[in-house]
Amino acid sequence: MYESMILRTIARLMLPLLLLLSLFMVVRGHHLPGGGFVGGLLASAAIILQIVAFGPDYAREIIPVNYLRVAATGVGFAACWGLLALVQGQPFMAARWLDTPIPGIGKLGTPVMFDIGVYLTVIGVTTQLALVLAEEPTLYPLRRSPPPQTEPMAPEA
Amino acid sequence: MTFILSLVVGTLFAGAAYLMLRRSLVKLILGLVLLSHGTNLLLFLMGDGVVKGMPPFVDEATGVTPTVAADPLNQALILTAIVINFGFTAFILSLAYRTNQAVNSDDLDDMVETDRL
Amino acid sequence: MANHLFFPLLVPLLSAVLATLVGQRRVIARSIALAAVLFDLGYSIWLLFAVGATGRMVTQADDFAAPFGISLVADGLSAIMLTLTSIMMLVTVLYSFSTVSPYRERYYYYPLLLLLLFGCGGAFLTGDLFNLYVWFEVLLVASFGLITLGGERGQLEGGLKYVVLNLMGSTSFLIGAGLLYGVAGTLNMAHLAERLGTLQQPGIVTAVAGFFLFAYSSKAGLVPVFFWLPTSYHTPTVAVSALFSGLLTKVGIYALYRVFGTVFQRELERYGTLILVIAALTMVIGVMGAMAQVNVRRILSFHIISQVGYMIMGLGLVGVAGLAAGILYMVHHIVVKTALFMIGGTAEYLAGTGELKQMGGMARREPILAGLWLLASFSLAGLPPLSGFFGKLGLIQVGLDQGQWLMVGVAAVVSLFTLFSMLKIWNEVFWKRANVDQTAMPRASALLIAPSALLVALSIAIGFGASPVLRYSRYSAEQVFNTQSLVQDVCGPAGCDAVTSTANNQ
C-alpha cells in the first residue's frame, strides 16, 4: 500500500477504463492485435493498481471473487468449447463459427469463446499471484529464528 | 539486424551464466530470467530471417500470397515461452521468498540441510 | 482420425478444474481424482491392446493438416508409458488417502496430481517437439507444486534446487527446439525425421542433438546433472516422492528414446559411445552414492540414478534390440521403484523418521511389509523369477551380442552393489532390534499396505509373464525406429514434404 493522493485518484479513475479496455482487447482480438491473454493482463493490471494504491483488502472488496476459482473456471470454459467439435466427431478444438456476424462484435465462434476462457484464466492467475504476495506479510508474519543464546541452558529438573 | 541480435543473445547468455554462478539466491533468479530472455530472442532469430513489416496474410483485395513474409510460428513459440517463463518466474520468486524466511539467508551455501548426511 | 486420443488429456484437466472448484471438500476432491485416474487407467489399457492390434493411432489437434498443426501420435511406447502412469497414479491416490495430511489435501493436492497426470499424458502422446516442451513444463509446474506443498524447510531448500536445475534443463530443450526449427524448418517429429534424413548439414544437427541430450539428461538424472534428484526426492510426503521416483525421471528417458530413436537416428549412432559412457558412470556413481547414505528414501533416491543408467544403456546399444530391452527395464523399474519407495516410506511414516539408526524391528511388527520389501528389493537387484531379472537379462544379452564387455561387466557388478544397499536397509529397518521405544508406534493399516502389495504383485506378474511384455516392448521399439511408417501415418502416403509443397503452390 502506498499512501499517495495522486496515485489513489488516478487508480480510482483508471479502474473502469482499464477494465473496459481489456474487454475491448478481447473482442477485437480475433482478427486484430489483442486477444484473451493481453486483455487478461490489462484487467489484472487494473486490479493490481488498486492493490498498490489501496492495499489488498480493498482490492478484494471491489471485485469480491475467489480468483483461483476464476482461473479454474476459465480453464474449464476454454476446454469445454473445444469439446464441441469432439462431440461432432472432429478433432478437439476444430473451430465452429456462427454464419451471421453480430453487429458491433463481429463473427462469433468457438475460438472467440476459447479466448474468453483464456481471459478469465489470465485474470485469475495474475491477480491471485499479486494478491497472495501482497497479503503474505499479514498471513505469515516473518518468522525469524531467535538470536543464538549466549548463556548455557538451565539444567532441567 | 541478425548480427546485432545474435550479439545481444550472446550477451544475455553470458550475463546469465555470470549471475547464475554467484552464491546469492536473488542473482541466481535474475540469471534464470536473463537466460529465458536470451532464449526467446534466439527463437525469434530462428525463423526465415528477420523480415520487417511483412505479415504473412493473403492480400484481401487482390488475393495474392506474399512471396516474402515474416514467419508466424516463431511468434507463437515465443509467446508460449514467455507465458511459461512468466509463470515460472512468479513461482520461483515466491519460493525464494519463503526459503529466505525459512533459512534466514540469501546465500545458497547455507541451504545444505537436505544434502547433509 | 483417432479422436479418442484427446480423452486421456481432457478428463484429467477437467477433473483438475472441478477438484479446484470444490477444493475445501476433501471427500469430493478425492472421488473426482479417483474417478479420473480410473478412467485414464481403463482407457490406456484399452489403448495398449488397440495399438498392439492395429498399429499407430494419429489425430491432429484443431483439424490442421499434419505438419502444420499439432499431431497426437500413440504408438506402443506411448501406450506402455500411459498405462504405467495411470497405474502409478492410481496407487498414489489410494496411498494418499491414508498418508497425506488434511492440510495438504485442502491446498489443492489432488488438482496438482491430476495436472501431473495431464502433463505426463500429453508428453507421451504428442508428436510435436515444441509441444513436448510445453507438456514438460505442464508436468514440471505440477511437480513443483507437489514437491513444495507443505512448506517445510527441507522441502523449500530441496524444491529450490529441483526448480532451478530443471528450469535450466527446460531452457536447453527450448534452445535446442529453436535451433532445430532454424535448421530444418519444422517441429513435427515425423516431418523432422523425414527432413533430417536428407539434410546436408550433419555437423549442425549433431550439435543441436547435444542440446537435447543435455536437456533430457537433466530431466532423467544422468551423471553430470543428477544433483537435483537426491537433494529433493526425500523431502515431500511419501506419496509424492513415490510417484516422482517412478514417473518423473522416466519422462526424461521416454523423451530420449522418442527423440533420439525417431528424430536423431544418425546422431544416435554418433552419440552411442558417449551415451554408453554416461550410462556406466550413472550406474556406478548412483550406486556408490547410495552406499554412503543413512536415510531410507535418500538411499532409494540414489538408486533411481543408478537404475536410470540401465535404461540409457538400452539406448546406447543402438538398435531395436537394445531399445526393446531398455523399454522392458523401464517397465520393471517404474513398478518396483514406486513399490520400494512406498514400502520404505510406510516404514518411515510409522517410525516417524527415515534415519536408519533410529529405525528397526519392523520385521517383527509388520511382517507383511517386510515380506513385500524383500520381494521388491530382490526384484530391483535382478533375482529370478522377478521382473528385474528379465530386464537386466535382456540388456546384458544385447550388450554381449554387440561385444560391449566393459558395459556388461559394469551392469552386472552394479546390480551386486544394489543388492548390498537393499540388504542394508533390510538389516537396519526390518531385521535389527529397535533401539528406541516403539510401543507408541502405530500399526500399518490395510490401506497403507495394499498399494505396495499391488505393485509387488505386478512385478511378479511381469516376471512370470515376461514373454508378452518382451514381445510388446520389441514391437514398440520397432515402431520407434520405423520413421518411414511414422511419416506415412502422420502425413499421409506421400510424406510431409509433399503436403507442405502443395500448400505452397496453392
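The values are calculated or read from the model by the stated rules, or taken from the named source; none is laboratory data. The shown structure was predicted, so the numbers you read here are calculated from the model rather than taken from an experiment. Reconstructed Cβ throughout: ideal geometry from the backbone, glycine too, with neighbour counts over all protein chains shown. Keep in mind that these areas ignore ligands, DNA and RNA; they rest on the heavy atoms of the full protein, side chains included. Shrake-Rupley method; radii C 1.70, N 1.55, O 1.52, S 1.80 Å.
Can you give the angle from 0 to 90° between the axis of helix C:466-481 and the longest principal axis of chain C, with both taken from C-alpha atoms, to the nearest 10? In chain C, helix C:466-481 runs at an angle near 40 degrees to the longest axis. Counting Cβ atoms of other protein chains within 10 Å of each residue's Cβ and taking the mean over peptide A:78-87 gives 3. Given a Förster radius of 22 Å and the C-beta distance between C:Thr353 and C:Met291 as r, what FRET efficiency does 1/(1 + (r/R0)^6) yield to the nearest 0.05? Efficiency for this residue pair is about 0.60.
A straight Cα-to-Cα reach below 16 Å connects A:Lys107 with the aspartates and glutamates A:Asp99, A:Asp115, residues fewer than 8 places away in its own chain not being considered.
Would you mind giving the total buried accessible surface between chains B and C, with a 1.4 Å probe and ligands, DNA and RNA left out, rounded to the nearest 100 Å²? List each step's numbers first, then the result.
Working: alone 8660 and 18380 Å², together 23920 Å².
Looking at B and C, the buried total is near 3100 Å².
How far is the Cα center of region C:194-230 from the Cα center of region B:65-97, in Å? Region C:194-230 and region B:65-97 have Cα centres separated by 22 Å. The listed peptides A:111-118, B:2-9, C:159-166, ordered by packing as a protection proxy, come out as C:159-166, A:111-118, B:2-9 (highest mean of other Cβ atoms within 10 Å first).
Each part gets one Cα centre, and for region C:145-161 versus region C:449-476 those centres are 33 Å apart.
Per residue of C:140-146, what is the mean number of Cβ atoms on other protein chains within 10 angstrom of that residue's Cβ?
On the way: counts 2, 4, 0, 0, 5, 1, 0.
Per residue, the average neighbour count from other chains is 2.
Hey, can you rank C:495-503, A:42-50, C:334-342, C:468-476 by average C-beta count inside 10 Å, highest first?
Working: C:495-503: 16.0, A:42-50: 21.9, C:334-342: 29.0, C:468-476: 19.0.
Ranking the peptides C:495-503, A:42-50, C:334-342, C:468-476 by packing returns C:334-342, A:42-50, C:468-476, C:495-503.
Taking a Cβ cut-off of under 12 Å around C:Arg365, the surrounding Lys, Arg, Asp and Glu residues balance to a net charge of +2, with basic ones at +1 and acidic ones at -1. Peptide B:100-108 shows a mean partner chain C-beta count of 4 within 10 Å per residue C-beta.
Tilt of helix C:387-401 relative to the longest C-alpha principal axis of chain C, in degrees (0 to 90, nearest 10)? Around 50 degrees separate the two axes. Mean residue ellipticity at 222 nm, helices only, chain C: -26000 deg cm²/dmol; runs of at least 4 DSSP H residues each add -39,500 (n - 2.57), and the sum is divided by the number of residues. Calculated mean residue ellipticity at 222 nm for chain A: -22000 deg cm²/dmol, from DSSP H runs with n ≥ 4 weighted as -39500 (n - 2.57), summed, divided by the residue count and rounded to 500. The alpha carbons of region B:18-117 occupy a box of 71, 23, 22 Å along the principal axes, longest dimension given first.
What whole-number distance in Å separates the alpha-carbon centres of region C:92-141 and region C:41-67? Each part reduced to its Cα centre gives a spacing of 21 Å.
Is the shape of the protein assembly as shown best called rounded, prolate or oblate, per the rule: a/c under 1.5 gives rounded, else a/b larger than b/c gives prolate, else oblate, with a ≥ b ≥ c the square roots of the Cα gyration tensor eigenvalues? The partial results should precede the final answer.
Numbers: a/c = 1.65, a/b = 1.17, b/c = 1.41.
Oblate is the answer for the protein assembly as shown, as a/c is 1.5 or above yet b/c matches or exceeds a/b.
Backbone geometry of region C:340-355 corresponds, through the Karplus equation with coefficients 6.51, -1.76 and 1.60 at θ = phi - 60°, to 3J(HN,Hα) couplings of 4, 4, 6, 5, x, x, 5, 4, 5, 5, 6, 7, x, 8, x, 6 Hz, x marking Gly and Pro.
Computed over protein heavy atoms with a 1.4 Å probe, the accessible surface of the protein assembly as shown works out to 41 Å² per residue. Once backbone amide H atoms are built at 1.01 Å from N, C:Thr126 has C:Val73 as its partners under 5 Å, excluding neighbours fewer than 5 places away on the same chain. Only protein atoms count toward the accessible area here, which uses a 1.4 Å probe; on region A:5-138, the carbon and sulfur part of that area reaches 75 percent.
Averaged over residues, the count of other Cβ atoms within 10 Å places the peptides C:72-79, B:79-86 in the sequence C:72-79, B:79-86, highest first. Using C-alpha pairs under 8 Å with a sequence gap of at least 6, the mean separation divided by the residue count of region A:5-138 gives a relative contact order of 30 percent. Approximating the spin labels as points 7 Å out from Cα along Cα→Cβ, the B:Val26-to-C:Arg106 distance works out to 3.4 nm.
Structure note, pairs C:Lys161/C:Lys424; C:Lys357/C:Lys424; C:Lys219/C:Lys424; C:Lys337/C:Lys432; C:Lys219/C:Lys337: Cα-Cα distances above 22 angstrom occur for C:Lys161/C:Lys424; C:Lys219/C:Lys424; C:Lys337/C:Lys432.
Couplings for region B:71-86, taken from phi via the Karplus curve 6.51 cos²θ - 1.76 cosθ + 1.60 with θ = phi - 60°, read 7, x, 5, 4, 4, 5, 4, 5, 4, 4, 5, 5, 4, 4, 5, 4 Hz in order; Gly and Pro are left as x.
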